[in-house]
Amino acid sequence: MSSAGVVPLLGRVAAAVSEAIVRVRPEVTDADPVVRRSDRADFQSNAALPLAKRFGMAPAQLGSEIAADVERSDNAIADVQVSGPGFLNITLTDSAIWESVAARLADDRLGVPATEEGRRVVIDYSAPNVAKEMHVGHLRTTIIGDSLARVIGFLGADVVRANHLGDWGTQFGMLIQYIDEHPKSPWHTDELDPNTSSVSALDSLYKAARAQFDADEEFADRARTRVVALQAGDPATVARWREIVAESEKAFGAIYNRLGVLLTPDDYVGESFYNDQLADTVTELVDKGVAIDSDGAVVVLSEQANGPDGKPTVLMARKRDGGYGYDSTDLATIRYRISTLHADRLLYVTDSRQALHFQLIFEVARRVGWLTETIQVDHVAYGTILGPDGRPFKTRAGGTVRLMDLLDEAVARVRAVVAEKNPDLPSAELDTIAEQAGIGAVKYADLSTSRVKDYTFDPVRMTSLNGNTGVYLQYAHARVRSILRKVGSTTPPQIDTGVALEPAERELSLMLDGYADLLAEVADSLEPHRLAGYLYELARSYTAFYDACPVVAAQEPIRTNRIALCQLTARTLELGLEQLGIAAPQRM
Ligand code: ARG
């Protein structure tokens, strides 16, 4: 089927109301139909109230005029009632609702239009630092960014996943020097498991190197000389650097694999990639009068943000010693993504503490003319993961929590929960399910929280079978699949649109019909928690439907229609979970 999609019923009703308004009041060309789902009918429109005010009319009077016109104009609309101060309560025909179910079911995109087609969206996410282990701080950027990449990609955009690895900078001079001076360090022994231990080793070497750098002046000098050698391309130094980067990338890859994110080695475009664009970037900023000399450094003074001292905040384009830092790299990066990648939209998924940094980068990009009106740019900021004590999550000893350990813990816990519920599962199957559900639990707990909020990492709560958890949703999906297996239904059944809808069928169908609008909202607000919330509501509507409406035991043609609802629910849950980056096992 084409990517034009199925018009959601809400959109259809909104269009009918807008058209009715123009017929009733031809002078109104810009009326917002303000249509939403409602408890009293299928949809409600609040359009009459502001309009009546504008024309000094009684809202109920204008409401009845619009209502009568809407009822006449679209045969999908069965009834329009005016209530209270002029609300329109709109009820659709049962057949229009069945038709929408049938149309979504007949499309492999479930009727979702490819609204982002033709747009290139660069999503900067994950971005761990080489020679360090990925820790709990990298969890949110990795899974929020990945979910956005999936949703926006599904809507048809050409998504460029940009993993801006911290693979460059003075710290590498220090580390390489330290490794060379310590030939007995774990780096040089080869008993290491290349996937994890060599990076733990690197992480400790890094800390040791840092300690010596701070304590030993002469070592610090040798480390600085080593930075110069690295930047000048000294072959031995560059070779060592490459080794370190490669080891780290392997370890990141192991985590990405386990998390089931889309990132691949092709998406690794680290800071080092921009190294040879830094000088040109700074020159351009100076030539265009955006950056100025300040005591030998090249800086941009913000026109929008002041520091606590009331003076403009400074962005460091080039340091006094001629070196480049995090600010410089992000300037070259935004320039590259706009001028070379021709991005229409740029997203940066990092914690909210970097808000000012990105505000300044965007300001400079605007002032120098890279960033124009037609390009959308967002810092996708998120809150902190907290420990049980309500403070940023740390190990008992006060160290940073390794991401791998945290995933192991969640998987072990889910394994116990699933084994208890289903004691007969063969152990290999239990392992697979525990892995999928454990990782899913961690991801869902994160993605279901409003992005900007902090949340507490609570393995017991996140792996619970009840409540708004990943495990609950995976079970809900598996349960629908098991019913479909029972009735032997695989292909989309032929819906009879003449069947009268039960209230629970109606509710479920309208919920399913809202999926396309929901995805558009997620892409717009960059808030995956709306998708999580939707899937949870969908699972609950399905439960209410299943409790009220027998499927297997129903008479035809009701039975077939209900099977169709089960199919569309299963496929929507599966697709939604996939867009959160969460596995949807067929059995649990
Ligand atoms: N490597 C950085 C960190 O771990 C995050 C980089 C985010 N992306 C960017 N373009 N600055 O904090």
So if R0 is 51 Å, what FRET efficiency would residue 7 and residue 412 give, r being the distance between their Cβ atoms, rounded to the nearest 0.05? 0.60
Can you count the Lys pairs in the chain whose Cα atoms are under 21 Å apart, with each pair 8 or more apart or on different chains? 13
Label-point separation in nm, residue 108 to residue 262, each point 7 Å along Cα→Cβ: 1.7 nm
For the chain, the longest principal axis of the Cα atoms and the Cα long axis of helix 503-513 enclose an angle in degrees, to the nearest 10, of 40 degrees
Contour excess over end-to-end distance, with Cα ends at residue 586 and residue 502 and 0.36 nm allotted per residue: 27.5 nm
Label-point separation in nm, residue 554 to residue 23, each point 7 Å along Cα→Cβ: 3.4 nm
Apply 1/(1 + (r/R0)^6) to the Cβ-Cβ distance of residue 37 and residue 211, taking R0 = 45 Å, and write down the FRET efficiency to the nearest 0.05. 0.15
Expected-Rg normalisation [2.2 N^0.38 Å, Cα atoms] applied to the chain: 1.15
Fully extended, how many nm does the chain gain between residue 55 and residue 72 (0.36 nm per residue separation, minus their Cα-Cα distance)? 3.8 nm
Net lengthening on full extension, residue 389/residue 486 (0.36 nm per residue, minus Cα-Cα): 30.2 nm
When only DSSP loop residues count, what trypsin sites (Lys or Arg not before Pro) in region 332-438 have their Cβ near at most 10 other Cβ atoms within 10 Å? 396
Under the definition of Cα pairs under 8 Å and six or more residues apart, what whole-number percent is the relative contact order of region 233-378? 18 percent
Scoring the chain by relative contact order with C-alpha pairs under 8 Å, at least six apart, yields a percentage of 15 percent
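Values in this text are rule-based calculations from the coordinates and carry no lab data. All of these numbers come straight from a predicted model, not from anything done at the bench. Cβ coordinates were reconstructed from backbone atoms using ideal geometry, including for glycine residues, and neighbour counts include every protein chain displayed.
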